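Note sheet for the following structure.
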Amino acid sequence: MSDLAKILFASTLQASDHPSPEQVRTVIEDGLRACHEDIASCAACVAQEAGDHPETYEARMRWALSAAVQVDPATLAVP
């Protein structure tokens, strides 16, 4: 599973918002900053959300994976 998709999955951005690639990039960058670039903490959020909302996990993760491929990790602006 893509690390960027994990961050996107744990965000408040919704597929129904029809986010642009730039919005997806911004949310991923903000998520990385919020978890201090610690992907493990983002993974914990994914696990929590999956447990809280198992009925929507699969569809949301599928969306997060497809949206995250729009972002080249090398171009992320994270200090």
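The values are calculated or read from the model by the stated rules, or taken from the named source; none is laboratory data. Predicted model, so just to flag it, every value in this text is computed and none were measured. In this analysis, Cβ positions are derived from the backbone assuming ideal geometry, glycine residues included, and neighbour counts consider all displayed protein chains. Areas reflect the complete protein model, heavy atoms only, side chains present, ligands, DNA and RNA absent. Shrake-Rupley method; radii C 1.70, N 1.55, O 1.52, S 1.80 Å.
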Notebook entry, point to check: Quick one: how many residues across region 45-79 are surrounded by 14 or more Cβ atoms within 10 Å (Cβ to Cβ) and over 15 Å from residue 24 (Cβ atoms)?
Noted result: 5
Item checked: Complete set of residues in region 47-62 that are touching a residue at least 24 places away in the same chain (Cβ under 8 Å) and under 14 Å from residue 12 (Cβ atoms) -> 49, 60
Next item on the list: Taking the residues in region 1-25 that are in a loop (DSSP other than H, G, I, E, B) and under 16 Å from residue 47 (Cβ atoms) as candidates, determine which candidate is least open to solvent (accessible area, probe 1.4 Å).
Entry: 11
